[in-house]
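The values are calculated or read from the model by the stated rules, or taken from the named source; none is laboratory data. Keep in mind the model is a prediction, meaning the values are calculated, not measured. Here Cβ is always computed from backbone atoms with ideal geometry, including for glycine, and neighbour counts include all displayed protein chains. Only protein heavy atoms, including side chains, enter the accessible area calculation; ligands, DNA and RNA are left aside. Shrake-Rupley method; radii C 1.70, N 1.55, O 1.52, S 1.80 Å.
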Amino acid sequence: MKTKDITLTGLMAALIFIGTFFFKIPSPFGYNHFGDGFMLLTVFMLGYKKGAFAGAIGAGLADGLSGFVVWLPGTIVIKAITALCFSRKTEKIICV
């Protein structure tokens, strides 16, 4: 990985964390957040692997710091599956 890729992945993980941790919209089954939208953007810009990594780090940090540590392993797996569903697995959709 190049330094640019690491930096963009870290930046997008931070955006996913902020969108998940700070912008919570209550719903009957928990809460909704903007983190998945940022994850969709990350997968489109950087591809599946980096998007899954950024999503797992960002959403995992949000779960851990919110006190939902028990959901952390599930969040990591779910974000990887979500990134796979968002991607075409072969190439980036949006070029940086």
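Count, please, the residues in the range 51-68 that happen to be open to solvent by 40 Å² or more (accessible area, probe 1.4 Å) and at pLDDT below 90.
Just the residues of the range 51-68 that are open to solvent by 40 Å² or more (accessible area, probe 1.4 Å), to begin with: 53, 57, 61, 65, 67-68.
Then keep just the ones that are at pLDDT below 90; that gives 67-68.
Going through the range 51-68 one residue at a time, the tally reaches 2.
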### Query
Can you name every residue in the range 21-68 that is in contact with a Phe, Trp or Tyr (Cβ under 6 Å, 6 or more places away or on another chain) and of a type outside the set (A, V, I, L, M)?
Phe23, Lys24, His33, Phe34, Gly58, Asp63
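Consider Ala83 carefully, then state whether it is open to solvent by less than 40 Å² (accessible area, probe 1.4 Å) and modelled with pLDDT of 90 or more. Spell out the reasoning first.
Working: open to solvent by less than 40 Å² (accessible area, probe 1.4 Å): yes; modelled with pLDDT of 90 or more: no.
For Ala83, the condition - open to solvent by less than 40 Å² (accessible area, probe 1.4 Å) and modelled with pLDDT of 90 or more - is not met.
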### Query
Considering only the range 29-38, how many residues are at pLDDT below 90 and crowded, with 17+ Cβ neighbours inside 10 Å?
3
### Task
Give the residue that is surrounded by the most Cβ atoms within 10 Å (Cβ to Cβ), with candidates limited to residues of the range 1-28 that are under 14 Å from the mean Cα position of the chain (by Cα) and farther than 17 Å from Ala80 by Cβ.
Gly19
